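The values are calculated or read from the model by the stated rules, or taken from the named source; none is laboratory data. Predicted model, so just to flag it, every value in this text is computed and none were measured. We work out accessible area using only protein heavy atoms, side chains counted, and drop any ligands, DNA or RNA first. Shrake-Rupley method; radii C 1.70, N 1.55, O 1.52, S 1.80 Å.
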Amino acid sequence: MPITLVSARNATETAPAMATFRVLPKMTKHEIKEYLTKIYNLPVTQVDTINYMGKRKRAIGKRKSVYYKYRDFKKAHVTFGPGLTDVGKGTKMEESEPEPEPE
């Protein structure tokens, strides 16, 4: 699971379509662009990345405290080309009704 969609925005008259993905920290901008274009055939024009450090937590028990940390991650803000206007997030597929059993 190298890329997970966090949020998406459709294209408007003034701004292109954009999406935010959560990716592995070791992935580069070039790898993200190549992944989206080759596997999903998306027209990617720009990729911006931000590194996040995992949140540090403390669990306090009766006798001692335990410290732990969430995983580090990276977010990628991807801008798509003019060929993509609708990112398709939030659309529902029509469910097919179950066929009645023959008697």
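Which of the pairs K38/K74; K26/K57; K38/K69 have their Cα atoms more than 28 Å apart in this structure? Long pairs (Cα-Cα over 28 Å): K38/K69. Going by accessible surface with a 1.4 Å probe and the largest first, I32, I3, I39 read I39, I3, I32. Counted residue by residue at 0.36 nm each, then reduced by the alpha carbon distance between them, the extension gain from Q46 to S7 reaches 12.4 nm.
Fully extending the segment from H77 to K38 would add 12.3 nm, taking 0.36 nm per residue of separation and subtracting the current Cα-Cα distance.
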